[in-house]
Structure formats: C-alpha cells, structure tokens
1. From the list Ile281, Ile262, which one is within 30 Å of Val40 (Cα to Cα) and either among the β-branched types (Val, Ile, Thr) or without any contact (Cβ under 8 Å) to a residue 12 or more places away in the chain (or both)?
2. Please specify each residue of the stretch 134-159 satisfying the condition of being at positive phi and either under 27 Å from the mean Cα position of the chain (by Cα) or at pLDDT 95 or above (or both).
3. Residue pairs, Cβ under 6 Å, 6 or more apart or interchain, first in the stretch 168-192 and farther than 14 Å from Ala154 by Cβ, second acidic (Asp, Glu) and buried (at least 16 other Cβ atoms within 10 Å of the Cβ). List them.
4. If you scan the stretch 187-230, which residues turn out to be modelled with pLDDT under 90 and of a type in the set (S, T, N, Q)?
5. Mind checking whether some residue in the stretch 81-100 is in the same structural domain as Lys171 (by TED's automatic domain parsing), out of contact with any Asp or Glu (no Cβ under 8 Å at 6 or more places or on another chain) and farther than 30 Å from Ile8 by Cα?
6. If you check every pair at least six apart or on different chains, which have Cβ atoms under 6 Å apart with a residue in the stretch 193-213 that is in contact (Cβ under 8 Å) with a residue 40 or more places away in the chain and among the aromatic types (Phe, Trp, Tyr) first and a residue that is crowded, with 17+ Cβ neighbours inside 10 Å and assigned to a strand (DSSP E or B) second?
7. Mind checking which residues of the stretch 21-59 are closer than 23 Å to Val81 by Cβ and among the charged types (D, E, K, R)?
8. Please find, within the stretch 273-282, the residue that is modelled with the lowest pLDDT out of those that are loosely packed, with under 15 Cβ neighbours inside 10 Å and assigned to a loop (DSSP other than H, G, I, E, B).
Amino acid sequence: MKTLKIAIQKSGRLNEKSVELLKNCGLSFENYKSSLISPVSNFPLEILFLRDDDIPEYVQDGIADLGIVGENVIEETEVSVAYLQRLGFGKCSLKIAVTNNSDITDLSGLNGKSIATTYPAILSKFLKKENIQAEIRTISGSVEISPGLGLSDAICDLVSTGGTLKSNGLKPFADVMSSEAVLIGSKGSENDELIQELIQRIQSVLRAKETKYVVLNVEKANLQGVLDLLPGVKSPSVLPLAEEGWVAVHTVIPERDFWSRISQLKQAGAQGIVVMPIEKIIL
C-alpha cells in the first residue's frame, strides 16, 4: 500500500490545531519539532512539518499529497490546488487599515497612497478589482508599524481580533478577503480512495465538534412537542423509562443554537437533561 504525505505548518498559529485535528482522527504520531517528517504508526501517512508558505507549492508539485494551510497563503502563492475540506479553525481576515488620525475614509482615498503588506499578490488583485491606483510596498513582518515610521500611508495585514491594530493606533476600514485553514490536495486527488478515507475521518471529527449529544426525559404526553424541536442526525431515539408514562430521548443538537434549543426543550416539558461531548460522527 502506498503512503500518503500531508504537509502542515511546522510552527505558528495553525500548527497546534492541525496536530490536534489529525490526532482526533485516530492517527498516532509524534509532533517532532526538530524534524521535518513524522510517520503515522496506524495509517499509511507521513506528516511533513514545513513553513506555511512552502505548503501550497509542495502540494502542487506532488511532493506532498495533502496540505493544511490558510486560504490567504494559497491565494498569495497563486498555486493550482484542489480545496478538499474547510477545517473551521485559523479564521481571520485580510484588511486594509490606516492610522486613527488618517484622512483616508474609503477606498478611493487610497489613490496615490502607499500600502505596506506581506501579501502583495492578493492586495494587487484587490486594488485592480476596485480600480484603485496605489503603491504597494512589500515588507516582511511588523507591517503595523509602517505608517508610524512614515513608510506607508496604510497597511494590508491579517486581523484576528484587531488587538494588534488597536495597540498600534490603527483602524481597519476595508475587507480584502476572509481566510481559514483548509485541507488541500493536488488536482484530481479527491478521487484517491486513501485520501477519501482520511477526509471521511476529518469530516467525522468536524461534525462532532459542531454538535452536542443530549439525553432528556419527558412525559409521553409532551413527547411530540419535544420531538418537533430536535434536529437530530436522522430521527431521535426514544426509549421507555421504568416510570410509567415517561420516555428518554437521545439526540444531537448543533452547537450554534445549543442554549436557545435547551431553553425551548425545557419549556416543552423536557427534564433531567444530560449533555455530553461527541468524539466523532460518521454518516
């Protein structure tokens, strides 16, 4: 059997979440910080620890079969790869920001100005689309200090919480693109059976993170009202209790509206509600 290779970030904001995801998929390996390759002992897979900028090209060139990397890196490197699965972590936005006292209030105000960024390719496409004529100054690291040093009139950088911008006296005013971690492969890799097996594992973990397993008790007279509120994977399981006229209902509830749904269930007559985390959901 062939051995797949998946490239993930060696260090940085996506490393920990990527390792956690793969381990939650039941893969057994060591996260060797000082090594480029870590073999998986219970699946035909090797993990390559690389700089995030190198991951898309490694996948495009077939050195790695798969990769976990931010969409912003893919767009900036302008490679040709297949998006196989969005992973739900590493979410951020690429934004244009100016100093708090800047007279630039909209995109048209950037005409004739300079913008410092580590993402010149993405920014160039964005400015062209918006018909803005501005000078792009490519720098590496510490983009946010450029306006204060007089190196640029604005910056274009990744923003997660906005704390770094605020601490440097900057305010964002234009969204360039949104980004999150994605699983990528070479073109046509989605047809590979072994890759599909790994994707299935990943999807089962992602589904589990988005839901809670709930067990509740309800009188039979109120059962239909409770069932009408439950969006289970298929239909909820209903089991009789020792006490006459009562049943136990087993189901899953999406994390996004969990608390509102629980309140509705209580009002409908649900009692003794037990909530448990789910490790995996396989459809």
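The values are calculated or read from the model by the stated rules, or taken from the named source; none is laboratory data. On a predicted model such as this, the values are computed, not experimentally measured, just so you know. Here the Cβ is made from the backbone with ideal geometry for all residues, glycine too, and neighbour counts use every protein chain on show.
1. Testing whether each residue is within 30 Å of Val40 (Cα to Cα) and either among the β-branched types (Val, Ile, Thr) or without any contact (Cβ under 8 Å) to a residue 12 or more places away in the chain (or both) leaves just Ile281.
2. Passing the criteria: Gly141, Ser142.
3. Within 6 Å, the pairs are Ser179/Glu71; Val182/Glu71.
4. Scanning the stretch 187-230 gives Ser189, Asn191, Thr211.
5. Scanning the stretch 81-100, I find at least one residue that is in the same structural domain as Lys171 (by TED's automatic domain parsing), out of contact with any Asp or Glu (no Cβ under 8 Å at 6 or more places or on another chain) and farther than 30 Å from Ile8 by Cα, so the answer is yes.
6. Short answer, once both residue conditions are applied: Tyr213/Val252.
7. Matches in the stretch 21-59: Glu46, Arg51, Asp52, Asp53, Asp54, Glu57.
8. Restricting to residues being loosely packed, with under 15 Cβ neighbours inside 10 Å and assigned to a loop (DSSP other than H, G, I, E, B), the top hit is Ile282.
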